[in-house]
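The values are calculated or read from the model by the stated rules, or taken from the named source; none is laboratory data. Here the structure is a predicted model, which means the values were calculated and not measured. In this analysis, Cβ positions are derived from the backbone assuming ideal geometry, glycine residues included, and neighbour counts consider all displayed protein chains. Please note that ligands, DNA and RNA were not included when accessible areas were found on the heavy atoms of the full protein model with its side chains. Shrake-Rupley method; radii C 1.70, N 1.55, O 1.52, S 1.80 Å.
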Amino acid sequence: MSSQKKFGLSTPYLLLLPGMGFLFTFFILPIINLAQTSTQTPVAGGDTGQYEQTLRFQNYIDAFVENKEQFGRSFVYAILATALALAIAYPLAYAIAFKSGKLKNLLLVLVVAPFFTSFLLRTIAWKQILGEQGFVVPTLRSLHLISESTTLTSSAFAVVAGMTYNFLPFMTLPLYASIDRIDPRTLEASGDLYANGFTTFRKVTFPLSLPGVVAGTLLTFIPAAGDYVNAAILGSPQTKMIGNVIDSRFFKIVDYPTASALSFTLMAAILILVTIYIRKAGTEELV
């Protein structure tokens with residue numbers, strides 16, 4: 001009987017073993033290898049791509065100083081894309097949760113439908129939409145909102161627009177899940193207490209949906225800060241993000257220590273910003 005009890009108590013831990021083994025093999029070990037690589041230096045007289053461990057932590061400072069502009073640009077673009085995605089997704093999630101009726105399931109399918117298409121293809125499609133052959137530029141020119149010489153591709157606008165579109169489902173779904181759990185009777189009670197629509201939203205709806213806002217902004221901001229596909233396809237050399245630099249250092253320049261140091265610096269910066277954001281939002285339980 002005692003052995004059965006011991007087996008019963010250990011069952012949850014045994015069930016964790018496959019997941020922990022996968023996490024250790026494909027996350028912890030690569031992180032450790034990345035940390036080791038980040039402090040290496042080129043082998044004297046060796047071929048390109050040959051490095052030895054010298055524990056040179058100066059690599060981190062040098063990598064950041066050389067690419068601080070790309071770091072700043074990455075976070076600015078990510079913040080803009082997150083803010084735009086929130087502005088678009090919140091009314092959409094609210095409408096699906098409270099106003100869609102029988103169309104709720106269909107609208108949710110439409111939200112996730114972009115995932116059925118390759119991320120790369122969706123980004124290339126945006127290049128076509130914002131290009132000279134698309135409908136956006138001619139329309140804006142006919143309305144005299146942009147000049148004849150103005151283009152939207154290879155610009156910061158195109159990069160942020162592409163990021164906003166590609167990460168919009170990551171914002172919409174957590175918002176919908178959070179808003180859908182709000183009891184409509186709570187909103188009715190607010191009206192019974194003579195609160196208008198704006199006051200009800202500010203005092204009741206938004207605070208109750210805050211966990212979804214925090215989750216959605218994190219799911220959007222974190223991948224957006226490290227994104228490089230949108231900047232590579234929709235941008236120009238002047239709109240390079242830190243992800244593009246890391247990609248170039250790994251696969252073109254073959255500068256593994258700098259690429260590893262940049263990767264660690266990016267992870268650390270995101271972790272610090274996310275921790276501060278969660279604490280300011282008052283939702284530490286999401287960590």
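Some observations on this one:
- Beyond 25 Å in Cα-Cα separation lie the following of the pairs 68/127; 68/252; 240/280: 68/127; 240/280.
- Backbone amide hydrogens, once placed in the peptide plane, bring residue 51 within less than 5 Å of 43, excluding anything fewer than 5 places away on its chain.
- In terms of accessible area, using a 1.4 Å probe and ignoring ligands and nucleic acids, 181, 202, 56 rank largest first as 181, 202, 56.
- Couplings 3J(HN,Hα) for region 149-155, derived from phi with the Karplus relation 6.51 cos²θ - 1.76 cosθ + 1.60 (θ = phi - 60°), are 8, 7, 10, 9, 6, 6, 9 Hz, where x marks Gly and Pro.
- GNM result for the chain, Cα springs below 10 Å: residue of 197, 19, 243 fluctuating most strongly: 19
- Shape category assigned to region 67-112 from the gyration tensor of Cα positions, a/c cut at 1.5: prolate
- Förster radius 35 Å - calculated FRET efficiency between residue 100 and residue 140, Cβ distance, rounded to 0.05: 0.65
- Accessible surface comparison of 90, 256, probe 1.4 Å, protein chains only, largest first: the order is 256, 90.
- Excluding the site residues themselves, the longest part of the chain lacking any chymotrypsin sites (Phe, Trp or Tyr not before Pro) in a DSSP loop with at most 16 other Cβ atoms within 10 Å is 195-287.
- Its residue count N fixes a reference of 2.2 N^0.38 Å for region 170-265, and the Cα radius of gyration divided by that reference is 1.71.
- The residues of region 1-141 expose on average 67 square angstrom of accessible surface per residue, using a 1.4 Å probe on protein heavy atoms.
- In percent, rounded to a whole number, the relative contact order of region 1-158 is 8, using alpha-carbon pairs under 8 Å and six or more apart.
- Within the accessible area of the chain (1.4 Å probe), percent carbon and sulfur: 68
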